[in-house]
Amino acid sequence: MIRIDCDIFHFESSEHINVLGCEHGLIFDSGTRKTFLFRSLQSRQNMGRLQSNGRVRLVDSPYTLSGIRLTAEDCVIIDELNFAPREIDGLLAAVREANAYLIVIGRILIKQLEYSVDAIYTFSYASGRFHVEPYFSNTSRQSYCADAVVCEDSTSVAAVYSQNLEQEVIPACGRSNFYRFIRRNEVAFIIADKPKFGPDLLNLIYRIGASGCRLRYLLLFLPACFEEIVCEVSVDVASGSDIADKSDFFDEEQYYEFLAAEAGWDKKNVTKAVAGIADLFRRNDSAILKDMRRFYEGSTVSAAERCYVCDINAVDISRLQPCGDL
């Protein structure tokens, strides 16, 4: 968890990568106070008025970090306008290696960052303060009937979801492949791994809007990864806290992949691994799978942190800059 506070700004997040766009969220226009926010935080830090539970490094160029070895105590804040894509790649590698935090102020569509849907924020400025809000919000239920269900995973994992929903789930085999499977539908139900889905979701929204296809709503069910469900139903992973500390991992996907591997899950042979735990899915209750079905059917879920409804028409894609083809 990183927490930053001063008289003009308050922010806290458990995500290691966070992206702050301007008031309209997804645009990359000038004059939207992104650099103003960065300079204001820099000024507060120079005056000793920036408080944090970590060591905040406001980096205005890639050369500022030259010779500095990051640690898990560090939170790097950058103005994205000052960095080339290759420099962001290098910074991201250093942040990941150190298990540090990174806050990017600027363009939200930076695909190589692989940030969570929950790490996408907008900010506005009023009455002398910057106000930060998540761009996507959770919901405990939805009222739309999906005419396509697609997951980012393989055929084997899709079969588990199909059995749970009693509905065909199409395997996209990659989170960047959703568009080709949903472009002819009006309402699509998508199952994806939340920790890295942020830029792919934004790119998908842009592609849908720019193509003029008929799709209007995305119903998103976003567990950390399929391994989270494996850990939930496996008797061999009764208590993850006894095996590993979640804070030692860069994101929840890494954490659950580690736990599942400790229980014998073979990520390289998913078909065999799914077959090996098939009995567990039949014998054990999975709260995640139950919520997936409730959300698909429009019922109230028990844990809303995995559920989202995205109205394509609510996003002004004319001002959204894509970060590459899907």
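Percent of accessible area on the chain owned by carbon and sulfur, 1.4 Å probe? It would help to have the intermediate numbers written out before the result.
Numbers: 6480 of 14770 Å².
Taking all protein chains in place, the chain shows 44 percent carbon and sulfur surface.
Over the residues of the chain, the helix contribution to mean residue ellipticity at 222 nm works out to -9000 deg cm²/dmol, using -39500 (n - 2.57) for each DSSP H run of at least 4. The peptide list 209-221, 93-105, 42-54, put in order of mean Cβ contacts within 10 Å with the highest first, becomes 93-105, 209-221, 42-54. The phi-based Karplus calculation (6.51 cos²θ - 1.76 cosθ + 1.60; θ = phi - 60°) puts the 3J(HN,Hα) values of region 44-57 at 5, 5, 4, 8, x, 10, 9, 9, 7, 7, x, 9, 7, 10 Hz, whole numbers, x for Gly and Pro.
Solvent-accessible area per residue in the chain equals 45 Å², computed with a 1.4 angstrom probe and all protein chains kept.
Find how much the distance from Ile68 to Asn284 grows on full extension, using 0.36 nm per residue of separation minus their present alpha carbon separation; answer in nm with one decimal. Each step should come with its number before you reach the end.
Working: separation 216, 0.36 × 216 = 77.76 nm, distance 4.88 nm.
Additional length available on full extension: 72.9 nm.
Spatially, region 65-133 and region 190-222 are offset by 22 Å when compared through their Cα centroids.
Restricting to the chain, compute how many DSSP beta bridges are antiparallel as a %, nearest 5.
In the chain, approximately 40 percent of DSSP beta bridges are antiparallel ones.
Per-peptide packing, taken as the mean over residues of other Cβ atoms within 10 Å, places 182-193, 265-276 in the sequence 182-193, 265-276 from highest down. Under 5 Å from the amide H of Val149 lie the amide H atoms of Ile170, Phe189, each residue being 5 or more positions distant or on a separate chain, with H modelled from the backbone and absent for Pro and chain starts.
The values are calculated or read from the model by the stated rules, or taken from the named source; none is laboratory data. Nothing here was measured: the structure is a model prediction, and the numbers come from that model. Virtual Cβ from ideal backbone geometry, glycine too; neighbours counted across all protein chains shown. All accessible areas refer to the heavy atoms of the entire protein, side chains included, with ligands and DNA or RNA removed. Shrake-Rupley method; radii C 1.70, N 1.55, O 1.52, S 1.80 Å.
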